């Protein structure tokens with residue numbers, strides 16, 4: 001069975017992330033979307049909230065499981081016995097950054113290959129950071145995220161009293 005892991009903070013999950021998941025779920029027998037706790041980022045949503053948003057928006061895919069984890073990605077991929085790490089690319093700058101991470105992961109766990117997947121052209125400008133900034137500054141992100149995520153952003157903003 002070919003297993004792939006698609007790691008990310010997904011804070012929040014965007015239409016670009018869902019596009020990558022939809023594309024790659026067709027290539028592997030099983031795909032694990034691994035919602036990570038990124039120590040270098042301050043998350044808007046809790047790990048549990050992010051995991052639930054991804055689950056809600058991938059429930060149409062039978063071979064996709066959504067989990068959260070912390071720690072070293074290579075160790076997690078080894079634990080899942082995955083043969084691939086999925087990384088989405090929007091721009092050449094993404095490739096340069098992701099290439100170094102892929103090399104490190106290959107050194108730490110040689111059995112897994114990093115598979116780079118190009119984002120659909122309509123999603124190349126979307127990032128979770130942009131989505132959060134626009135949403136928190138009263139802009140519309142309805143075209144950038146799934147409907148359930150748009151609602152979650154509105155609720156989060158209201159709770160923050162911004």
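A short reminder: the numbers here are calculations on the coordinates, not readings from a lab. Remember, it's a predicted structure, so these values are computed and weren't measured experimentally. Cβ sites come from the backbone with ideal geometry, for glycine too, and all protein chains shown count toward neighbours.
List of remarks:
- According to the calculation over all Cα-Cα pairs in the chain, the P(r) per 5 Å bin from zero is 2, 9, 18, 21, 22, 15, 8, 4, 1, 0 %.
- For the range 1-45, convex hull volume per residue from C-alpha positions, Å³: 67 Å³
- Calculated [222 nm] ellipticity per residue, helices only, for the chain: -13500 deg cm²/dmol; basis is -39500 (n - 2.57) per DSSP H run with n ≥ 4, divided by all residues, nearest 500.
- Added length on full extension, which subtracts the Cα-Cα distance from 0.36 nm per residue, residue 2 to residue 95: 31.1 nm
- Rounded to the nearest 10 degrees, the angle from helix 92-108 to the longest Cα principal axis of the chain is 50 degrees.
- Going from the fewest other Cβ atoms within 10 Å to the most, the residues 17, 37 appear in the order 37, 17.
- With a cut-off of 19 Å on the backbone N, the residues of the range 130-153 near the modelled label site 7 Å out from residue 161 along Cα-Cβ are 136-138.
- The angle between the Cα long axis of helix 47-58 and the main principal axis of the chain comes to about 80°, on a 0 to 90 degree scale.
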